[in-house]
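Heads up, the thing below is written out as structure tokens.
Rule-based calculations on the coordinates, nothing more; no lab input. Quick caveat, the model's predicted, so the values are computed rather than measured. Note that each Cβ is placed from the backbone with ideal geometry, even for glycine, and that neighbours are counted across all protein chains shown.
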Amino acid sequence: MDLVGLAPLLLLGVAFYFLLIRPQKNRQKAQAQMVADIGSGVEIMTTAGIFGTVVSSTDDLILLEISPGVIVRILPAAVSKVIEPPVPEESELPE
């Protein structure tokens, strides 16, 4: 097989890497960093859509308070996103 015949195959491999593999690795790194930054008192949303406040977290378990006195155990992989506290608008600030 000559080099001209391999060019489309190599081009397809490079495109596959940049369009599929590399973005997935970046998402995995971002997810791992987000989970590593979670501490007590942080409000999160799980992949199941459950909102709650983190009571404690370890490498393999997060205790999440979903209602006063109701604590559930979840895996760190189940964290979908961290909910940022709302920023008050200028009209809501005390004068």
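Summary of computed values
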{"read-out": "Qualifying strands (runs of 3 or more DSSP E) (wholly inside the stretch 47-95; at least 1 residues being surrounded by fewer than 11 Cβ atoms within 10 Å (Cβ to Cβ))", "value": "62-67, 70-74"}
{"read-out": "The stretch 19-75, residues that are among the hydrophobic types (A, V, I, L, M, F, W, C) and closer than 19 Å to Pro86 by Cα", "value": "Met34, Ile38, Val42, Ile44, Met45, Ile50, Phe51, Val54, Ile66"}
{"read-out": "Yes/no for Val4 being assigned to a helix (DSSP H, G or I), in contact (Cβ under 8 Å) with a residue 12 or more places away in the chain and among the hydrophobic types (A, V, I, L, M, F, W, C)", "value": "no"}
